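S.K.: There's a structure below that I have some questions on.
The values are calculated or read from the model by the stated rules, or taken from the named source; none is laboratory data. Note that the coordinates shown come from a computational prediction; the quantities given were computed from them, not determined experimentally. Positions of Cβ are backbone-derived with ideal geometry, glycine not excepted, and every protein chain shown enters the neighbour counts.
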Amino acid sequence: LIVHLNGEFLPLPAARISPLDRGFVFADGVYEVIPAYGGRLLRLQEHLQRLDNSLSGIRMDNPLPHHAWQEMLMELLRRNGNGDQSVYLQVTRGPAFPREHAFPAHPRPTVFAMCTPIRESDPALREAGVPVISHPDIRWDRCDLKTVSLLPAVLMKQLAKDRGAFETLLIRQGLVLEGAASNVFAVLDGVLTTPPKGPFLLPGITRDLVLELAAEHGFPAQERDIPLERLLSADEVWITSSTRAIVPVTRVDEQSIASGRPGPVFAQFHDWYQARLA
Ligand code: PDD
């Protein structure tokens, strides 16, 4: 495994970061996860734009221009054999001493990137769908930033695992916002519905792609609040993310969604999505 750290390509064991790195000490950093198929990065510009947005949200400048990110990430993929990989990149405010919450006067950001093979999307999962649970959203009010402060997501994902579920849907004031690491869609009276962007959810790149596919194929879609109660009576529920694309949800908190089987709208969007990758 070859990784990128601060301008160098290194075998993983040679990549060293200071224990005083503010990413380690304060979770003071942001990240992206970008899927690549056959060495081609999917929606790279959109991911880099979201990176800019996350960085400006934590008052950091992007240490690299977009073209340098592109060259570096493509080189990283090449050095790891191309193929289907998901690229993880992280930028932190870098090492600083003494430990002090406020920003260092002259931050030296840490730039790290690695890739891991994308698991073949599991046909069994697609055929059976997955169970999810719901839980009050315990995160902060800037969920639109992709920060490495992921402890709430870690706890929510573990809770799902403990209960034999695949994901935890996060609820604020009765509304379903997103999953711990995914966006959420519901088919409501034939209309594909997802909550509007705002401070309480990550603007998912896969989410935007699904809405784009709907527009392209003339499938009715809307961005609208979804009360948890309404979700339970949906025709279909899905979750989306860069690493898993679209996953059909067949149970929420022990309650079956419609027939308890993945629906026809999911099958259609799965095909449209796959066609996009080809
Ligand atoms: N997670 N919402 C949250 C909170 C997420 O962490 C993610 C992605 C998404 C989906 O966004 P996208 O379609 O751009 O991947 C929504 C990544 C995959 C992760 O943390 O591993």
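S.K.: For the condition more than 20 Å from the chain's Cα centre (by Cα), of a type in the set (D, E, K, R) and under 17 Å from Asp271 (Cα atoms), what is the one hit in Glu212, Glu216? Steps first, answer last, please.
M.R.: Values: Glu212 fails: more than 20 Å from the chain's Cα centre (by Cα).
That would be Glu216, the only listed residue that is more than 20 Å from the chain's Cα centre (by Cα), of a type in the set (D, E, K, R) and under 17 Å from Asp271 (Cα atoms).
S.K.: If you go through segment 204-220, how many residues are within 16 Å of the ligand (Cβ to nearest atom) and over 18 Å from Glu167 (Cα atoms)?
M.R.: Total satisfying the criteria: 8.
S.K.: Sort out which residues of segment 156-192 are more than 16 Å from the ligand (Cβ to nearest atom) and assigned to a strand (DSSP E or B), and write them in order of number.
M.R.: Val187, Leu188, Val191 - these are the residues of segment 156-192 that are more than 16 Å from the ligand (Cβ to nearest atom) and assigned to a strand (DSSP E or B).
S.K.: Among the listed residues Arg207, Arg276, identify the single one that is buried (at least 21 other Cβ atoms within 10 Å of the Cβ) and assigned to a helix (DSSP H, G or I).
M.R.: Values: Arg276 fails: buried (at least 21 other Cβ atoms within 10 Å of the Cβ).
When all the criteria are applied, what remains is Arg207.
S.K.: Working only within segment 138-155, note down all residues that are in contact with an Asp or Glu (Cβ under 9 Å, 6 or more places away or on another chain) and either in a loop (DSSP other than H, G, I, E, B) or over 26 Å from Leu42 (Cβ atoms) (or both).
M.R.: Cys143, Lys146, Val148, Ser149, Pro152
S.K.: Moving on to the next point. Taking segment 1-53 as the region of interest, how many residues are more than 16 Å from the ligand (Cβ to nearest atom), over 20 Å from Pro95 (Cβ atoms) and surrounded by 15 or more Cβ atoms within 10 Å (Cβ to Cβ)?
M.R.: Summing the residues that are more than 16 Å from the ligand (Cβ to nearest atom), over 20 Å from Pro95 (Cβ atoms) and surrounded by 15 or more Cβ atoms within 10 Å (Cβ to Cβ) in segment 1-53 gives 2.
S.K.: Are there any pairs with C-beta distances below 9 angstrom linking a residue in segment 6-30 that is within 20 Å of Asp61 (Cβ to Cβ) and in the same structural domain as Leu76 (by TED's automatic domain parsing) to a residue that is assigned to a strand (DSSP E or B) and of a type in the set (Asp, Glu), with the two at least 6 apart or on different chains, and if so which?
M.R.: From residues that are within 20 Å of Asp61 (Cβ to Cβ) and in the same structural domain as Leu76 (by TED's automatic domain parsing), the pairs are Asp28/Asp21; Gly29/Asp21.
S.K.: Now for a separate question. Scan segment 231-257 for residues that are within 18 Å of the chain's Cα centre (by Cα) and more than 11 Å from the ligand (Cβ to nearest atom) and jot them down.
M.R.: Taking segment 231-257 and keeping what is within 18 Å of the chain's Cα centre (by Cα), we get 237-249.
If the condition is that a residue be within 18 Å of the chain's Cα centre (by Cα) and more than 11 Å from the ligand (Cβ to nearest atom), then Val237, Trp238, Val247, Pro248, Val249 are the ones that fit.
S.K.: Of everything in segment 73-120, what is among the aliphatic types (A, V, I, L, M), within 21 Å of Lys146 (Cβ to Cβ) and touching a helix residue (DSSP H, G or I) at 6+ places or on another chain (Cβ under 8 Å)? Give them in sequence order.
M.R.: Leu73, Val87, Leu89, Val91, Ala113, Met114
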